[in-house]
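Working notes, structure below.
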Amino acid sequence: FLGAGKPPLYGDYEAQRHWQEVTYNLPVRQWYFNTSDNNLLYWGLDYPPLTAYHSFVCAYIAKLINPDWIALHTSRGYESQPHKLFMRTTVFVADLLIYIPAVILYCFSLKETSTKKKASILEGSIALCILLYPGLILIDHGHFQYPLSLGFALWAVLCLSYDWDLLGSMAFCLALNYKQMELYHSLPFFCYLLGKCFKKGLKGKGLVLLIKIAATVVLSFAVCWLPFCTDMEQIMQVLRRLFPIDRGLFEACMDKVANIWCSLSILIKIKNVMSPQTQLKLSFAVTFLSLLPTCVKLTVRPSLRGFKFALVSCALSFFLFSFQVHEKSILLVSLPVCLILNEIPFMATWLLLVSTFSMLPLLLKDGLLLPYTVTMLAFLSICVASFSILEKTSVEDLQLKPLSLSLKGYISWFKPFPKIIRSLFLLSVALMGVLSVTSAAAHPPQRLPDLFPVCVSVISCLHFLMFLVYFNIILLWDSKNSKSQKKIS
């Protein structure tokens, strides 16, 4: 794992272990404060309270097995095979209890018009593809990043698909209180539920539903934050840890995050020409503008299908344009993409492959080249075998029929479109393969030590921009041409 045996920080493995040490040995009021027993510069807690509670539960079990694993101060940098096994087991148990059941139930909740036998095969294929998505496997077990926030978010989507709006709201609050990056998904949840309330009428059932949802959200947050609500200083300190504005638009970007700011920094040194406050305002403005069309559409025309597509579009906007993005944040885009694998298997598979490829520099630092190669090839093979993705490239399969009808007579390339998009996909896969091999085997020029990570970052960023445009087209043209679509069908 990354940082193993390398002081002073040792890596993400040590981060998770240290949080267990802190939460078990210190009172709650000291968890987020810098003290002699809790040096925030050494893996200080920077996730919401639910992560801290989870660390405490893991620490309690660790204490029963071997107290040395979480002994205050003396356990710093502790590494042993039994402890590694324990840590990996905690990740697997989190998968088993929260994430995997949500995936399986979601797949079996998909309503298919085909026969029961065909439907069960399709549901099984979708579940297999989602569970074998390389990005989550590699990050979960390579970085000890527990999948609880993604699991809770998936439970929330599942609840909303059954119109269990209050349970869905509570599940998403748990996701948000486990990792603040779930803000990537927050606006689609908000707009979809608000749109449902408007649809029911804000003078009747809609108002009652809105009050119930608001009460559920407030109560869920209150329960999660209760130990930190003793005074305002506690609350503000936790918020400062969750949103470190002073760090600027992005950190050193040693691993070259595949978003717009890191890609632009190659040409323009944004951090040198703007203050952190100006960077924050710029980031907020661009992110908000890119989100606005999707959110307005979802509020005006709430639908479960639109909600799932909006989750992808909004998460992509956040990843590309928001403040302090980490490479691993692409997983927040990947989860909703997994949910639409059955609807647009070609584009979903492509995006999931690129999302894993975008983390290549990080994965190589972890020594995960072999797992990366095996899981990528396995995932691609299963998607090709299960969904015949190379045959699903027509305008109808990619849900671009409304756009083609709008531009009929103006653009002539829609006829050869399937061949064009297939060729682009094959070129993209070949490019990712070549860059993966080159990054792992070749040495960059001395004058350009970051050449390969920069190439991975920029190429991935260009892909993500293309996907953002694509998903916005689906959402917006579907809204504009809903009447014509009904006539066509």
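The values are calculated or read from the model by the stated rules, or taken from the named source; none is laboratory data. Please read all numbers here as calculations on a predicted model, not as lab measurements. Using ideal geometry, Cβ is built from the backbone for each residue, glycine included, and neighbour counts are taken over all protein chains shown. What goes into the accessible areas is simple: the full protein's heavy atoms, side chains included, and nothing from ligands, DNA or RNA. Shrake-Rupley method; radii C 1.70, N 1.55, O 1.52, S 1.80 Å.
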Exercise for the section: Scan region 54-68 and give yes if some residue there is within 30 Å of Ile235 (Cβ to Cβ), of a type in the set (Val, Ile, Thr) and in a helix (DSSP H, G or I), otherwise no. Expected result: yes
Practice task
Tell me, yes or no, whether region 287-305 has at least one residue that is crowded, with 24+ Cβ neighbours inside 10 Å, assigned by the TED database to the domain that holds Tyr133 and in contact with an Asp or Glu (Cβ under 8 Å, 6 or more places away or on another chain).
Solution key: no
Exercise for the section: Return yes when Ala310 is free of Cβ contacts under 8 Å to residues at least 12 places away in the same chain and assigned by the TED database to the domain that holds Leu154 and no when it is not. Expected result: no
Problem - helices (runs of 4 or more DSSP H) wholly inside region 190-294 containing at least 2 residues that are farther than 22 Å from Ala52 by Cβ and more than 21 Å from the chain's Cα centre (by Cα) - result: 205-225, 270-273
Problem - Test: Val337 is assigned to a loop (DSSP other than H, G, I, E, B) and buried (at least 24 other Cβ atoms within 10 Å of the Cβ) - result: no
Practice task
Select from region 61-111 the residues that are among the charged types (D, E, K, R) and under 22 Å from the mean Cα position of the chain (by Cα) and write down the one among them that is most open to solvent (accessible area, probe 1.4 Å).
Solution key: Arg88
Practice task
Could you tell me whether region 389-396 includes any residue that is in contact with a Lys or Arg (Cβ under 9 Å, 6 or more places away or on another chain), modelled with pLDDT of 90 or more, in a helix (DSSP H, G or I) and of a type outside the set (S, T, N, Q)?
Solution key: no
Problem - Residue that is modelled with the lowest pLDDT [pool: residues in region 146-179 that are over 14 Å from Val217 (Cα atoms), part of a helix (DSSP H, G or I) and open to solvent by 20 Å² or more (accessible area, probe 1.4 Å)] - result: Ser161
Practice task
Determine which member of the set Ile100, Ile65 is out of contact with any helix residue (DSSP H, G or I) (no Cβ under 6 Å at 6 or more places or on another chain), under 30 Å from Cys159 (Cα atoms) and among the aliphatic types (A, V, I, L, M).
Solution key: Ile100
Handout entry: Boolean, Val437 is modelled with pLDDT of 85 or more and open to solvent by less than 50 Å² (accessible area, probe 1.4 Å)
Key = no
Problem - Only one of Ser358, Ser388, Ser423, Ser406 that is assigned by the TED database to the domain that holds Cys129 and crowded, with 17+ Cβ neighbours inside 10 Å - result: Ser358
Problem - Test for Met376: is it within 14 Å of Leu132 (Cβ to Cβ), within 19 Å of the chain's Cα centre (by Cα) and assigned to a helix (DSSP H, G or I) - result: yes
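This table checks each residue for (1) open to solvent by 60 Å² or more (accessible area, probe 1.4 Å); (2) of a type outside the set (Gly, Ala, Ser); (3) closer than 23 Å to Leu468 by Cα; (4) in contact (Cβ under 8 Å) with a residue 60 or more places away in the chain.
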{"position": "Phe243", "(1), (2), (3), (4)": "yes, yes, no, yes"}
{"position": "Cys262", "(1), (2), (3), (4)": "no, yes, yes, yes"}
{"position": "Phe284", "(1), (2), (3), (4)": "yes, yes, yes, no"}
{"position": "Ser329", "(1), (2), (3), (4)": "no, no, yes, yes"}
Completion exercise
Flagged in region 300-334 as assigned to a loop (DSSP other than H, G, I, E, B) and of a type in the set (A, V, I, L, M, F, W, C), in numbering order, are Phe323, Val325
Exercise for the section: Would you mind stating whether Leu351 is crowded, with 24+ Cβ neighbours inside 10 Å and assigned by the TED database to the domain that holds Leu138? Expected result: yes
Exercise for the section: Working only within region 181-212, note down all residues that are open to solvent by 20 Å² or more (accessible area, probe 1.4 Å) and under 29 Å from Val325 (Cα atoms). Expected result: Met181, Leu183, Ser186, Leu187, Phe190, Leu194
Practice task
Return the only residue of Pro345, Pro361, Pro336 being farther than 26 Å from Leu264 by Cα, of a type outside the set (Phe, Trp, Tyr), in contact with a helix residue (DSSP H, G or I) (Cβ under 7 Å, 6 or more places away or on another chain) and touching a residue at least 60 places away in the same chain (Cβ under 8 Å).
Solution key: Pro336
Practice task
Kindly check whether there is at least one residue in region 27-44 that is closer than 25 Å to Leu242 by Cβ, open to solvent by 70 Å² or more (accessible area, probe 1.4 Å), in contact with a Phe, Trp or Tyr (Cβ under 9 Å, 6 or more places away or on another chain) and touching a residue at least 24 places away in the same chain (Cβ under 8 Å).
Solution key: yes
